[in-house]
Amino acid sequence: MSEKSGDLTQLRREYVAEGLMRSDMAADPVEQFSTWFDIACQARPDDASSMTLATASKTGMPSARIVLLKHFDADGFAWYTDYESNKGKELAENPQAELMFYWYGLERQIRIQGRVEKLDPAKGEAYFHARPLGSQLSAAISHQSAPVESREELEARVEAFSQRCGDQVERPERWGGYRLVPQRFEFWQGRENRLHDRFCYTLTADGWTLTRLQP
């Protein structure tokens with residue numbers, strides 16, 4: 001076997017969490033998400049809002065990365081970024097995406113699929129100026145996903161920009177928020193012997209329908 005390869009077939013773990021029954025599930029998936037999110041915040045408050053954002057280009061090539069959930073309600077799940085980043089370009093071509101939360105220790109994950117829309121610029125403006133000054137400066141000088149010669153070049157840009165604008169940073173027009181409007185949720189609870197519990201909410205003309213899925 002090559003030193004750069006590895007056989008992981010014997011690397012295993014067991015899931016020992018309590019089961020998930022239909023009677024445990026709220027009729028509204030956003031309410032169910034809120035319940036699980038509150039528990040995750042108690043367990044790992046520093047990481048509960050981390051989520052994988054999966055997008056795809058117009059040709060179908062997928063890409064995924066971790067972003068942070070900033071607010072959610074019945075209208076959807078929101079995050080902020082550079083509209084000209086790779087994910088921004090893909091969402092412009094194909095405004096559909098999936099979010100996934102995985103909470104280690106709770107042995108739970110949630111997948112949320114739906115269409116994506118930009119938030120009102122006023123929301124982006126308010127959140128941008130609520131961020132720490134350093135984060136504002138970074139967003140202002142960095143054209144996310146574009147090549148750069150070195151770390152030193154980035155730091156020099158930040159320093160020069162900071163000298164010019166002080167603590168009054170203008171939000172770049174290319175920076176703002178997105179909201180995923182859900183059409184499907186899947187709640188996953190790890191169980192012993194890989195006989196996991198999975199429940200899927202699907203949006204129909206009559207509202208949300210709940211279905212148990214095989215593991």
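At 0.36 nm per residue, minus the direct Cα-Cα distance, what do Ala156 and Gln144 gain on full extension? Give it in nm, one decimal, please.
Gain in length upon complete extension: 2.7 nm.
About the Cα centre of the chain, how large is the charge dipole given +1 on each Lys and Arg Cβ and -1 on each Asp and Glu Cβ? Please answer in debye to the nearest 20.
That gives the chain a dipole magnitude of about 460 debye.
Among Ala156, Leu137, Gly124, which residue has its Cα positioned farthest towards the positive end of the charge dipole of the range 118-163, with +1 placed on the Cβ of Lys and Arg, -1 on the Cβ of Asp and Glu, and the dipole taken about the Cα centre?
Gly124
As a check on your grasp of the helix formula, calculate [θ] at 222 nm for the chain: sum -39500 (n - 2.57) over DSSP H runs of n ≥ 4, divide by the residue count, round to the nearest 500.
Result for the chain: -8000 deg cm²/dmol, rounded to the nearest 500.
Using a probe of 1.4 angstrom, how much of the accessible area of the range 30-149 is carbon and sulfur, in percent?
Carbon and sulfur atoms account for 51 percent of the accessible area of the range 30-149.
Just to confirm a number: summing +1 for Lys and Arg and -1 for Asp and Glu over residues other than Ala160 whose beta-carbon lies under 13 angstrom from that of Ala160, what do you get?
Here the charged neighbours net out to -2.
No solvent, one uniform scatterer per C-alpha: report log10 I(q)/I(0) for the range 59-215 via the Debye equation at q = 0.10, 0.13 1/Å, two decimals.
After summing over all Cα pairs, the log10 values are -0.49, -0.76.
So for the chain, taking the charge dipole from beta-carbon charges (+1 Lys/Arg, -1 Asp/Glu), which of Thr209, Pro95, Phe72 sits furthest toward the positive end?
Thr209
With the cut-off at 1.5 for a/c, could you classify the range 39-93 from its C-alpha gyration tensor as rounded, prolate or oblate?
prolate
Radius of gyration and Dmax for the range 51-142's Cα atoms, expressed in Å?
Here Rg and the maximum Cα pair distance are 14.2, 39 Å.
Give me the extension gain from Ser34 to Gln168: residue separation times 0.36 nm, minus the current Cα-Cα distance, reported in nm with one decimal.
Result for the pair: 44.7 nm of gain on full extension.
Filter the trypsin sites (Lys or Arg not before Pro) in the range 15-73 to those in DSSP coil with at most 11 other Cβ atoms within 10 Å of their Cβ, and list the result.
Here the sparse-neighbourhood loop sites are Lys58.
Before I look further, what does the chain give for accessible area per residue, probe 1.4 Å, in whole square angstrom?
So the chain comes to 61 Å² accessible per residue, rounded to a whole number.
Note the full-extension length gain between Glu117 and Asn193 as 0.36 nm times their separation in residues minus their Cα-Cα distance, in nm to one decimal.
Once the chain is fully extended between Glu117 and Asn193, it gains 23.4 nm.
Counting other Cβ atoms within 10 Å, which GluC sites (Glu not before Pro) in the range 128-161 have at most 10 and lie in a DSSP loop?
Answer by residue number: Glu149.
The values are calculated or read from the model by the stated rules, or taken from the named source; none is laboratory data. All values derive from a computational prediction rather than experimental measurement. Positions of Cβ are generated from backbone atoms using ideal geometry, with glycine treated the same way; all protein chains shown enter the neighbour counts. To get the accessible areas, we keep the full protein, side chains included, count just its heavy atoms, and leave off ligands, DNA and RNA. Shrake-Rupley method; radii C 1.70, N 1.55, O 1.52, S 1.80 Å.
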